[in-house]
Every structure is written in structure tokens, then in C-alpha cells.
Amino acid sequence: MTIRKAVMPVAGFGTRFLPVTRAVPKNLLPVFDRPSVHLCVEEAVAAGIEDIIFIVSEGQEEPIARYFRPQPALEEALASRNNSAALEQMREISGMANVVCVTQTEQRGLGHAVLMAREMVGDESFAVFLPDDVIWADSPTIGEMIEVHRKTGGNVVGLEEVSDEDVPSKGIVAIERMSDTTSRIVGMVEKPALEDAPSNLAIVGRYVLGTEIFDTIENTPAGALDEIQLTDAIARHIESPGVYGYHFGGEHQDVGNPLGALKASVKAALDREEVAEELKSWLSCIVRY
Ligand code: UTP
């Protein structure tokens, strides 16, 4: 089964990143020098996905779409300065994928945001990325999850162990382990109190879903935070067609909060030869104080 489409909801208010998110969509903020939406589209494309559907709030469509659109004046300027490396990079960005934006006019929750993509998704299984979650792994995490979907026919979510402190702000699951990387999910709860949580395993922003989820979301009442929760809708498919967890490897940062975004920028810069040495030496000086 080929997955060709990915939904990327970015319409939330971004309250953890105020005040900058008053004016700038948080998923356009830099992870070193590129936004998390770029990193997620790259991951999607590496897994064979061709079409990206962003769910945006009013006012966000233009900056998000502009990032992925060809920019002739900029390209001309780079060409006239003989900056062929930057020119090539700009052309790669606008050629990465087919990008469309759908506006969510009312922020009624992640489940509701995914429902906005129904028409664009059509009748094929699809991927969902939350661009707050940036993952550096040897092979694209979503590609491994698509493989689990292909083998099981079920919905698949990314899983990571979190601290007790983080449990009440996450979707938490109960599992039966199938292999080192894959589990069958037997229970799911969004934002539980620590004492009610079935484990410390949290859903991270990667999903592969069948289209039956759309009818289920429509029939899912508002849950935690009075929002329509994607976790609640997925939980209704534990029996059929089943829900599976993929325990991804590699490094993950939540760039939806300032500290996570800073760590992600440092990680991304340390991976870049042209700045890594200088950054390391500056960091080793600054941490002494
Ligand atoms: P979050 O719970 O992280 O909310 O949403 P948020 O508004 O982005 O950030 P904070 O917590 O206020 O700082 C999870 C994902 O769901 C999207 C968000 O953009 C984020 O990618 N979302 C959430 C929507 O697209 N629409 C919604 O109505 C709610």
C-alpha cells in the first residue's frame, strides 16, 4: 500500500511560544536555519510522499505557502550574484512536494484539524505529521511507520518514553510488545492525570491512518481541553482495524516550546560542518559560567 499524502496541522495558537507566535507561525521559526515544516516535508518526501496538506489558521496560509513556492525575484538575485549553491537550494525547496493549505477557521482541536483534510485526502490511507516534533533518525520515521501500516492494516502512531512530569500533557498508551520496534496498542488516553496513566509511553507527532478515521472523528465528542482529540478518535479503532505503536530511534525534540526549539537548533548546527567546531568551542566556554 503506497502512502502518497501527508497532513500537517499547524493551526494551533502556539501559546507555549508566545509572544513571538503573535506574529510568526511557530512552525516557520528556525531550527538553526530552516523551519520545522521544511524538516517534516523532507522526512515525508524521503518516505515517498508527494502531496502535503497543511491545515493552517486564518492568516497563516500565505507565509506557509510562500515558503514552498518558487520565488523568481530571489532566484534571479542569487543567479546574478553567482550564488549557485543557494540558488540550487531554493529550487529544491519549491520542488520538494505538492503543497496545499486548508484553513481551519476555528481551533477546535487536532482531531478537528485532521478532519479538515478529508476532501484533499480522498480514499487513501495517509500520514499525519505534527511539525512540532522533529526527529533525526537513520531512516525516515514515517517510512518505518508506513511499513507497519502495510503489514498490519491498522493505524500506526509514533511512541516515545516520557518523564512523569510530561505525562499529563501527552497522549499516553498501554501496549502489548510485538518486537523491538513495534507494539500493539490496547489502551489510549489523552492528557491523563499521572495516577491514571497506563504507562509513560507517549504518542509523538507521527501517524499513519486509514480513511475510516474521518467518520470516527465526526462522531467523537470534545475531550481533554474541550477539544476534539485525535487520540480519542484513534482509540475507537483499537479493536478494528487495530492500532500499532512504532518505537522510533534517533533524536527527537519538541520545537513547539522555546527550550526544545533551542536544543533542536544546537543539534542541527552541530550536524553542520561549517559551524560545528566554532559552536562547540563557544558552548564549552559559556557553560563554565
Ligand atoms: P498543540 O496542543 O501543541 O497546540 O497542538 P498549539 O496551539 O500548537 O501549541 P500550544 O500548546 O498552545 O503551545 C498540536 C498540533 O495540532 C495543531 C497544532 O498546530 C499542533 O501542530 N492544531 C491544534 C491544529 O492544527 N488545530 C487545532 O485546533 C489545534
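Using modelled amide H (1.01 Å from N, peptide plane; none on Pro or chain starts), what sits under 5 Å from the amide H of L29, excluding residues fewer than 5 places away?
S36
When the Karplus curve 6.51 cos²θ - 1.76 cosθ + 1.60 is applied with θ = phi - 60°, which whole-Hz ³J(HN,Hα) does each residue of region 190-197 get, with x for Gly and Pro?
8, 6, x, 5, 3, 5, 9, 6
Can you list the HN-Hα couplings for region 221-234, worked out from phi with the Karplus curve (6.51, -1.76, 1.60; θ = phi - 60°), rounded to whole Hz and with x for Gly and Pro?
My calculation for region 221-234 gives x, 4, x, 3, 6, 6, 10, 7, 8, 4, 4, 4, 5, 4 Hz in order.
Please compute the Kirkwood hydrodynamic radius over region 128-212, one decimal place, Å, based on all pairs of different Cα atoms. List each step's numbers first, then the result.
Numbers: mean 1/r = 0.0742 Å⁻¹.
Computed over Cα pairs of region 128-212, the Kirkwood hydrodynamic radius comes out at 13.5 Å.
For the chain, give the magnitude of the charge dipole about the Cα centre (Cβ charges: +1 Lys/Arg, -1 Asp/Glu; no others), in debye to the nearest 20.
Working: 25 positive and 45 negative charges, 82 e Å.
So the dipole magnitude of the chain works out to roughly 400 debye.
Could you go through region 252-267 in sequence order and give the Karplus-derived ³J(HN,Hα) for each residue, using 6.51 cos²θ - 1.76 cosθ + 1.60 with θ = phi - 60°, rounded to whole Hz, and x for Gly and Pro?
Running phi through 6.51 cos²θ - 1.76 cosθ + 1.60 with θ = phi - 60° gives 10, 10, 8, 8, x, 10, x, 5, x, 5, 5, 4, 5, 5, 5, 4 Hz.
How far is the Cα center of region 127-193 from the Cα center of region 54-80, in Å?
With region 127-193 and region 54-80 each reduced to a Cα centre, they are spaced 32 Å.
What do you get for the angle between helix 141-152 and the principal long axis of the chain? Use alpha-carbon atoms, 0 to 90 degrees, nearest ten.
Relative to the chain, helix 141-152 is tipped by roughly 30 degrees.
Report the percentage of all Cα-Cα pairs in the chain whose separation exceeds 32 Å, rounded to a whole percent. Could the numbers behind the result be given before it?
Numbers: 10402 of 41616 pairs.
It works out to 25 percent of all Cα pairs.
No lab work stands behind these numbers, since they all come straight from the coordinates. Predicted model, so just to flag it, every value in this text is computed and none were measured. Every residue, glycine as well, gets a Cβ built from its backbone with ideal geometry; the counts of neighbours run over all protein chains shown.
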